[in-house]
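As structure tokens, the structure follows; a few thoughts come after it.
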Amino acid sequence: MIQIAGLRKSFGGTPVLAGVDLAVGQGESLCVIGQSGTGKSVLLKCILGLTAPDGGQILWQGKPLDRRTRPAFLARFGMLFQGAALFDSLTVWQNVAFRLRQRMPDAQARAIAVEKLARVGLGPETADLMPAELSGGMAKRAGLARAIADDPAVIFFDEPTTGLDPIRARRINDLIRGIVTETGATAITITHDMDSVRAIGDRVALLQDGRIAWDGPVARMDQAPPLAGFLGHAVTQLPHKPAT
Ligand SMILES: Nc1ncnc2c1ncn2[C@@H]1O[C@H](COP(=O)(O)OP(=O)(O)OP(=O)(O)O)[C@@H](O)[C@H]1O
């Protein structure tokens, strides 16, 4: 559904993305991992059209994303920002319904917002709170409700567990996995958190030195030597196939 081919981007002559090839299929959940500063955010910004790549292509449903085709893509995507990024001056339901309110009456948008809040475990009493009144975990849930409010076909999760303690992080990971499975949305998660990868991902791609150094099923990552640094343990080498 999304294909990235030979994507390149340099800043001041320093290559950050040096030919990234990556594809994520319809309904698939892909996690992109990489050390700090390897260009995960730059990759995301290129997909969203916030940064212009120097070369390569990004295709959505077989068509290159450009100025003409990107609006239709953006209308079908939802995003959970790192730190939730709620608008401080809007109530929780207004945040969740931000996009809906542009095309439907408030009463209808509010009803959908309350339903999405319930999906992420927040009761109707949270709808009229201001973001400053929420705990970190609640804000993350509200951000998740906003990401799914418009029933997106593609959802981006940018470091979904940043700033959460392990118990809350696990709950958010489980919630995300449940939502991705039940909506059938295509999911791309950028994370450092291998627990997130295990909980959310079908596939994992390692971004290293400007390229995808490893890409494979989450179930096989324990046998992938390039991922050793992230897994925090020595990776089991795949047994050599005996010579026949
Ligand atoms: N607008 C910019 N101008 C110059 N350099 C930039 C710009 N945006 C990103 N970079 C550089 O590109 C590199 C990759 O940055 P990026 O934010 O994508 O890393 P990241 O993998 O998302 O890191 P983290 O995990 O810490 O968020 C960094 O060296 C950064 O300084």
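Bear in mind that the values in this text are calculations on the coordinates, not laboratory data. Because the structure is a prediction, the values reported are computed rather than measured. Every residue, glycine among them, receives a Cβ derived from its backbone with ideal geometry; neighbour counts consider all protein chains shown.
If one computes P(r) from the Cα atoms of the chain, what percent of pairs lie at distances over 28 Å?
Numbers: 10495 of 29646 pairs.
The calculated P(r) of the chain puts 35 percent of pairs beyond 28 Å.
Can you list, bin by bin at 10 Å, the percent of alpha carbon pairs in the stretch 76-185, starting at 0?
16, 52, 29, 2
If you plug each phi of the stretch 55-61 into the Karplus form 6.51 cos²θ - 1.76 cosθ + 1.60 with θ = phi - 60°, what whole-Hz ³J(HN,Hα) values come out, in order, with x for Gly and Pro?
Going residue by residue, I get x, x, 9, 10, 10, 10, 6 Hz, with x marking Gly and Pro.
Using a Cα-Cα cut-off of under 24 Å, which lysines could be cross-linked to Lys63, ignoring same-chain neighbours fewer than 8 residues away?
By straight Cα distance, Lys63 reaches Lys9, Lys40, Lys45.
Counting pairs of alpha carbon atoms under 8 Å apart in space and at least six apart in sequence, what relative contact order in percent does the chain give? Please list the in-between numbers first.
Details: 457 pairs, mean separation 60.3, N = 244.
Computed over the chain, the figure is 25 percent.
Contour minus end-to-end for Arg8 and Gln35, with contour as 0.36 nm per residue of separation and end-to-end as the Cα-Cα distance? Walk me through the intermediate numbers first.
On the way: separation 27, 0.36 × 27 = 9.72 nm, distance 1.82 nm.
Residue separation times 0.36 nm, minus the Cα-Cα distance, leaves 7.9 nm.
Test of understanding: ordering Asp106, Asp165 by Cβ neighbours within 10 Å, fewest first, what list do you get?
The order, fewest Cβ neighbours first, is Asp165, Asp106.
Which helices, taking whole DSSP H runs in the chain, have alpha carbons extending 20 angstrom or more along the helix axis plus mean Kyte-Doolittle at least -0.5?
Numbers: long enough: 166-183 (25 Å, -0.23).
What comes out of the filter, once short or polar helices are dropped, is 166-183.
Using the 2.2 N^0.38 Å rule of thumb for compact globular proteins, work out how the stretch 111-244 stacks up: its C-alpha Rg over that value, please. Each step should come with its number before you reach the end.
Working: Rg = 17.8 Å, N = 134, 2.2 N^0.38 = 14.1 Å.
Against the empirical 2.2 N^0.38 Å value, I get 1.26 for the stretch 111-244.
Please compute the contact order of the stretch 150-219 in relative form: average sequence separation of alpha-carbon pairs under 8 Å and at least six residues apart, divided by the residue count, as a percent.
Numbers: 81 pairs, mean separation 21.7, N = 70.
Relative contact order here is 31 percent.
Using modelled amide H (1.01 Å from N, peptide plane; none on Pro or chain starts), what sits under 5 Å from the amide H of Gly19, excluding residues fewer than 5 places away?
Residues meeting the amide H criterion: Leu7, Arg8, Lys9.
Pop out the ³J(HN,Hα) list for the stretch 89-105 in order, Karplus 6.51 cos²θ - 1.76 cosθ + 1.60 with θ = phi - 60°, rounded to Hz; leave Gly and Pro as x.
Here the 3J(HN,Hα) series is 8, 10, 5, 4, 5, 5, 5, 4, 8, 3, 6, 4, 5, 6, 9, 8, x Hz.
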